[in-house]
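Enquirer: Encoded as structure tokens, here's the structure I'll be asking about.
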Amino acid sequence: MENSVGEWVKFDACPDMPAPRMYHSFSTCTQGTAKGMLIVFGGRGDNNSPTNDIWGFRKHRTGKWDWTKAPYSNFTPLKRFQVSFKTLLLFNF
């Protein structure tokens, strides 16, 4: 099904996706292998406590969208909400 530009489309739930949240940050990667990926960071979860997870929402060449959780190696961000960021450059999803 072809969608018009600016048309809202409901996606089916993915088995691995971020928990519902509010007061999260949202941006788009502008460089590297994640260029064009939509990024969600932190926020407050269902129990009103802050979160520190980072998720990417990406579109594949086939047109399919899915969520991927950012891998952490030696860095874990602090839990926070109501913050902003401009872009993420170094995450390799």
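The values are calculated or read from the model by the stated rules, or taken from the named source; none is laboratory data. All values reported here derive from a predicted model rather than from experimental measurement. Here the Cβ is made from the backbone with ideal geometry for all residues, glycine too, and neighbour counts use every protein chain on show. Note: accessible area is taken over every heavy atom of the protein model, side chains too, but ligands, DNA and RNA are not part of it. Shrake-Rupley method; radii C 1.70, N 1.55, O 1.52, S 1.80 Å.
Enquirer: So which residues in the range 54-80 are of a type outside the set (K, R) and open to solvent by 60 Å² or more (accessible area, probe 1.4 Å), if there are any at all?
Expert: Across the range 54-80, the qualifying residues are H60, T62, W65, P71, Y72, S73, N74, F75, T76, L78.
Enquirer: Quick one: how many residues across the range 19-39 are touching a residue at least 24 places away in the same chain (Cβ under 8 Å), of a type in the set (A, V, I, L, M, F, W, C) and surrounded by 14 or more Cβ atoms within 10 Å (Cβ to Cβ)?
Expert: Going through the range 19-39 one residue at a time, the tally reaches 4.
Enquirer: Could you tell me which of the residues G6, G42 is open to solvent by less than 80 Å² (accessible area, probe 1.4 Å) and in a loop (DSSP other than H, G, I, E, B)?
Expert: G6
Enquirer: Another question, then. When the residues of the range 9-18 are filtered to those that are open to solvent by 70 Å² or more (accessible area, probe 1.4 Å) and in contact (Cβ under 8 Å) with a residue 12 or more places away in the chain, which remaining residue is nearest to K79 (Cα to Cα)?
Expert: If we take residues in the range 9-18 being open to solvent by 70 Å² or more (accessible area, probe 1.4 Å) and in contact (Cβ under 8 Å) with a residue 12 or more places away in the chain, then M17 is nearest to K79 (Cα to Cα).
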